[in-house]
Amino acid sequence: MANDNHPSMELVHLCTVELDLEAPTVIGPGPSGERIIVDITGMRFSGKRLNATLKGRAAADWLTVVGSTATIDVRATIETHDGALIYVQYQGRSDVKDGIGAAPIYVTPTFETSDERYLWLNHLQAAGKGDLKTRRYEWYEMH
């Protein structure tokens, strides 16, 4: 039950995201932490309102690790099944004290498009959870 001081939030499934990844390129320690870049060679989005795949080759995770925290920073262009182009980016965090990929990854995706059929995505804040072992996320619309 929501009240005026603490409104409730509902999560509605948006899509499942599956990734194809290249081997990581380890840059090593720098001013932002240990930098690791992982090229994304494939993305598949499947859901009731969003079905798309990766468009082009400019997609990667510019991951940084400081202490036991990995900060995820992904940007990509996707194309829907009906031809709309959408820029997607997501940032997030994961606990890597037991190694990269041992803990879940939590992300907050946002979208940008000019295609009228998908303008609703421009106003959407999503949240997701995934893991490196399956290379899969479940993303939810926040309402």
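Quick notes
- On the beta carbon distance between Asp98 and Ser32, with R0 = 25 Å, the FRET formula returns roughly 0.65.
- In a fully extended conformation the segment linking Glu138 and Ser114 would gain 6.2 nm over its present Cα-Cα distance, using 0.36 nm per residue.
- Length gained when the stretch Tyr106-Lys55 is fully extended (0.36 nm per residue, less Cα-Cα span): 16.0 nm
- The spacing between the range 96-143 and the range 33-73, judged by their C-alpha centroids, is 10 Å.
- Cα gyration tensor shape of the range 11-138, rounded if a/c is under 1.5, else prolate or oblate by comparing a/b with b/c: prolate
- Stretch gain in nm, segment Arg44-Val12, where the contour uses 0.36 nm per residue and the Cα spacing is subtracted: 9.6 nm
- Using bins of 5 Å that start at zero, the share of Cα-Cα pairs per bin across the range 54-119 amounts to 4, 17, 21, 19, 14, 11, 8, 5, 1, in whole %.
- Among 82-94, 23-35, the peptide with the highest mean count of other Cβ atoms within 10 Å heads the list, and the full ranking is 82-94, 23-35.
- Remark: the chain carries a charge dipole of roughly 200 debye about the Cα centre, counting +1 on each Lys and Arg Cβ and -1 on each Asp and Glu Cβ.
Where a number appears in this text, it was derived from the coordinates with a stated rule and is not lab data. Only a predicted model underlies this, so the values are computations on that prediction, with no experimental measurement involved. Methodologically, a virtual Cβ is constructed for each residue, glycine included, from the backbone with ideal geometry; neighbour enumeration extends over all protein chains shown.
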